[in-house]
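The values are calculated or read from the model by the stated rules, or taken from the named source; none is laboratory data. The model shown is predicted, which means the values in this text are computed figures rather than measured ones. Neighbour counts are summed over all protein chains in view; Cβ atoms, including those assigned to glycine, are modelled from backbone coordinates with ideal geometry. To get the accessible areas, we keep the full protein, side chains included, count just its heavy atoms, and leave off ligands, DNA and RNA. Shrake-Rupley method; radii C 1.70, N 1.55, O 1.52, S 1.80 Å.
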Protein chains: 2
Amino acid sequence: MAKKIYLKPTLVTVLTLVALYAGFTVFLSHPPPSVSTLSDPSSSRSLSILNSGDPKKTTVRVYMYDLPKRFTYGVIESYLRARGTPNAPFRYPGTQHSAEWWLFADLLREVRLNSPVVRVLDPKEADLFYVPFFSSLSLVVNPIRASNFGNGHVYSDEEMQQELIDWLENQEYWERNKGRDHVFVCQDPNALYRVLDRIKNAVLLVSDFGRLRADQASFVKDVVLPYSHRINSFNGDVGVEGRKSLLFFMGNRYRKEGGKIRDTLFQILEEEEDVIIKHGTQSRESRRMATQGMHTSKFCLHPAGDTPSACRLFDAIVSLCVPVIVSDFIELPFEDAIDYTKIAIFVDSASAIQPGYLTSMLGGISEEAIVQYQRELKMVKRYFEYEDVNGTVNEIWRQVSMKLPQIKLMINREKRLVKRNMTSPDCSCVCSNHSSSVGPLF
Amino acid sequence: MAKKIYLKPTLVTVLTLVALYAGFTVFLSHPPPSVSTLSDPSSSRSLSILNSGDPKKTTVRVYMYDLPKRFTYGVIESYLRARGTPNAPFRYPGTQHSAEWWLFADLLREVRLNSPVVRVLDPKEADLFYVPFFSSLSLVVNPIRASNFGNGHVYSDEEMQQELIDWLENQEYWERNKGRDHVFVCQDPNALYRVLDRIKNAVLLVSDFGRLRADQASFVKDVVLPYSHRINSFNGDVGVEGRKSLLFFMGNRYRKEGGKIRDTLFQILEEEEDVIIKHGTQSRESRRMATQGMHTSKFCLHPAGDTPSACRLFDAIVSLCVPVIVSDFIELPFEDAIDYTKIAIFVDSASAIQPGYLTSMLGGISEEAIVQYQRELKMVKRYFEYEDVNGTVNEIWRQVSMKLPQIKLMINREKRLVKRNMTSPDCSCVCSNHSSSVGPLF
């Protein structure tokens, strides 16, 4: 059973929303945008002022689509119904992919202090267009044991994806720039997978690029999001006294792709002293044990999963348990602002599976150095707290807003490109020094 | 003979600099940075305040290297000496590639109003490092008829390039991030060509990407500069009364690469009524004729040269002569801010060489539409005026400063990348809809 996100008392005033449609027990107080408010430019202007405090022309203006409700609240409804609990309190279910909820709720807030973007209710005023489909929740509406809605209709995520894009392709502002100035959240590596080629121009908010082709997504065009941490933050001080075990890992031993390394790591590490390594799947009990382990270990292992990213990294960060990342192709959130070498240890897979390598290397790190890592972790922790008013949500919008000049360039450029004989795709790139080749890219 | 840039009276106060070194007749009043000012952090802070008015932490801070003088003033000295006029007034010679002079002079100014970057004199405080080598002038120090300095030493641009990078590679801040946070101006398409692979991490200020490989430069990493216009701006009003001829072109008929189209265009257009098309090379007389032609024509042709860009486009813009661009692979300056379809007409090469196509298409454009193009040209003209205090120089710094988040991301990312088995270069890209292929990029 998935953990629910229980709203903290301090957030109730911010996040209480009214979902004003039939059939719901609702207790939320801000109405979602409706056609009537959309057509009132004065309300748009006044909201702009409310939102940004000082809405200079240079603030990035975001329009959130008033999607048919089946793409937002309706996904939650379907999720609850598929679990036979349609009358359960109406809440977005707790998952590691809840960014879609936080961003949606944030844009609905009347007062949005220190946000790098301002919401506008008139699309004519917008720089960017946010599409608030709950694409990650939609993937898991149907429990693993296929269920139905009782009325014979089985929820189909694939149909939802197609319908969303069919709907968008009828929108004036989508067509205008072929989606280049649109923003989608697809935090689960499989979210929106059926329609990726139709939305590849847009800014995609993703967890990694493991399942995306180089012409669909990249950190130049898109934004890497952190997963929501699933275990509680460690609120104690820095130090190693309460952290008796050297290295902790708990998670699925068997994974596909890069995650195949996990089984090898288990074999090497399960006999080691000072190392706690356990096979475990998502459950309330395993989360309790993981919390305990991450709060009492010096280092926390983060091997690749089915894709290079996994929520465990963010659990480790908020636990002040120094992450040991064994995932050669990982991309990390907010890397312009965060120097991850100050908060984590990176080990290439080939070295990590040498018997004795990890424990000997980690055992050689002084207590002083560990405490220094913890201090740095404390300083960047807010970036990984979706609940923090100065946390993940504002940082995501900052990242999105920094894409605007490039988006505008691409839009203007595409308007004037003429028919050309191209021998390779028309792409503009930035390359690292770690390229294996110095030959032509394409 | 190349035209000199004569400082306008309004700019004298801004650009009068003192080049305080031996052997020069100098009349410029701001000393270049010296080792003594570099070691005084308080002067750096006070300069920061002077420069930006309100130097928030978010202002991008640029350190300009105090290069050995042979790379800056020394290039001008060599240029004058190679022409047998070592005692001529000490001025940067007028060329279409004078951005290197304007940026250097700008950073030397004591008061830099509205600049998007602040100069710092302490490299420890810098976000970015500007390398003010006059790389384009260095290319043309030796006149076409090989000359020497009278003492048997022939100036070698290639040696200068190598010496510059040898010097840089001994600098702490170059080594720190392998040049990723450095900025070079190489406006001539051949500037710095010998050392491109050693500086490809840096932000390159270029005219186009015609001679650069995709892993050396791109509009994601680099900035496209306008050439300095070489003919006078048209200061009259919009309108077609004084513009009797339909289409004007004057320039070299014979060019390499994409410029081969020029000869075909000559053949097609030289018999057309209302079209003035002339073969001409750089001279004072041809500039006079070009000024006359561009100020009295409705449209000005811009065919590709040896590379996709050419200064003629910017001459046309400041002449309010609507540019007709026939250069399939052109990249344009400041395209996030300028929608070029509002100020220019783009024609693919294949269509342009169909007899009658250009004149018939242009002849069909109404006077009203032409005047509308001219109004738009007037609005963006300042972007192409290096002399304007709110013009090209500030805009170049704005473009450079917008690269900073990506530069920081690349720097942080490279620190933590581990050894990996890569089957293709490690590049992150953004692709246009005009790609000929949808397959894998690499």
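Under 9 Å between Cβ atoms, which residue pairs at least 6 apart in sequence (or on different chains) link something in the range B:373-389 that is under 13 Å from B:Ala344 (Cα atoms) and in contact (Cβ under 8 Å) with a residue 40 or more places away in the chain with a partner that is assigned to a helix (DSSP H, G or I) and open to solvent by 60 Å² or more (accessible area, probe 1.4 Å)?
Partner pairs satisfying both residue conditions: B:Tyr373/B:Lys342; B:Leu377/B:Lys342; B:Val380/B:Lys342.
Filter the range B:279-290 for residues that are among the hydroxyl-bearing types (Ser, Thr, Tyr) and either open to solvent by 30 Å² or more (accessible area, probe 1.4 Å) or not in a helix (DSSP H, G or I) (or both) and give the result.
Correct list: B:Thr281, B:Ser283.
Being out of contact with any His (no Cβ under 7 Å at 6 or more places or on another chain) and more than 14 Å from chain B (Cβ to nearest Cβ): is that true of A:Arg398 here?
Considered against the rule, which asks whether it is out of contact with any His (no Cβ under 7 Å at 6 or more places or on another chain) and more than 14 Å from chain B (Cβ to nearest Cβ), A:Arg398 comes out as no.
Go through the range A:201-213 and give me each residue that's without any contact (Cβ under 8 Å) to a residue 40 or more places away in the chain and either outside the structural domain of A:Met160 (by TED's automatic domain parsing) or touching a Cys at 6+ places or on another chain (Cβ under 8 Å) (or both).
The answer is A:Leu204, A:Val206.
What's the number of the condition A:Glu387 fails, among (1) open to solvent by less than 20 Å² (accessible area, probe 1.4 Å); (2) more than 14 Å from chain B (Cβ to nearest Cβ); (3) within 26 Å of the chain's Cα centre (by Cα); (4) not basic (Lys, Arg)?
(1) is the only condition that A:Glu387 fails.
Give the range B:93-105 a look and list any residue that's part of a loop (DSSP other than H, G, I, E, B) and open to solvent by 10 Å² or more (accessible area, probe 1.4 Å), or say none.
Once the filter is applied, which keeps residues that are part of a loop (DSSP other than H, G, I, E, B) and open to solvent by 10 Å² or more (accessible area, probe 1.4 Å), the range B:93-105 yields B:Thr95, B:Gln96, B:His97.
Of all residues in the range B:207-223, how many are under 18 Å from B:Cys429 (Cβ atoms), within 14 Å of the chain's Cα centre (by Cα) and open to solvent by less than 10 Å² (accessible area, probe 1.4 Å)?
Final tally of qualifying residues: 2.
Kindly provide the set of residues from the range A:402-420 that are more than 7 Å from chain B (Cβ to nearest Cβ) and either open to solvent by less than 20 Å² (accessible area, probe 1.4 Å) or hydrophobic (A, V, I, L, M, F, W, C) (or both), ordered by number.
A:Leu404, A:Ile407, A:Ile411
Which residues, taken from the range B:181-206, are outside any helix (DSSP H, G or I), surrounded by fewer than 22 Cβ atoms within 10 Å (Cβ to Cβ) and within 14 Å of chain A (Cβ to nearest Cβ)?
B:Lys200
Taking the range A:224-261 as the region of interest, how many residues are more than 30 Å from A:Arg398 (Cβ to Cβ), part of a helix (DSSP H, G or I) and open to solvent by 10 Å² or more (accessible area, probe 1.4 Å)? Explain how you work it out, then say what you get.
Looking only at the range A:224-261, we keep the residues that are more than 30 Å from A:Arg398 (Cβ to Cβ), and these are A:239-257, A:259-261.
Still in the list and also part of a helix (DSSP H, G or I): A:257, A:259-261.
Next cut, open to solvent by 10 Å² or more (accessible area, probe 1.4 Å) only: A:257, A:260-261.
Total satisfying the criteria: 3.
Please indicate, with yes or no, whether at least one residue in the range B:134-148 is in a helix (DSSP H, G or I), open to solvent by 30 Å² or more (accessible area, probe 1.4 Å), touching a strand residue (DSSP E or B) at 6+ places or on another chain (Cβ under 8 Å) and within 19 Å of B:Val62 (Cβ to Cβ).
No, every residue in the range B:134-148 fails to be in a helix (DSSP H, G or I), open to solvent by 30 Å² or more (accessible area, probe 1.4 Å), touching a strand residue (DSSP E or B) at 6+ places or on another chain (Cβ under 8 Å) and within 19 Å of B:Val62 (Cβ to Cβ).
When the residues of the range A:316-361 are narrowed to those that are in contact with a helix residue (DSSP H, G or I) (Cβ under 6 Å, 6 or more places away or on another chain), within 9 Å of chain B (Cβ to nearest Cβ) and open to solvent by 20 Å² or more (accessible area, probe 1.4 Å), which ends up farthest from B:Arg420 (Cα to Cα)?
Ranking the candidates gives A:Asp339 first.
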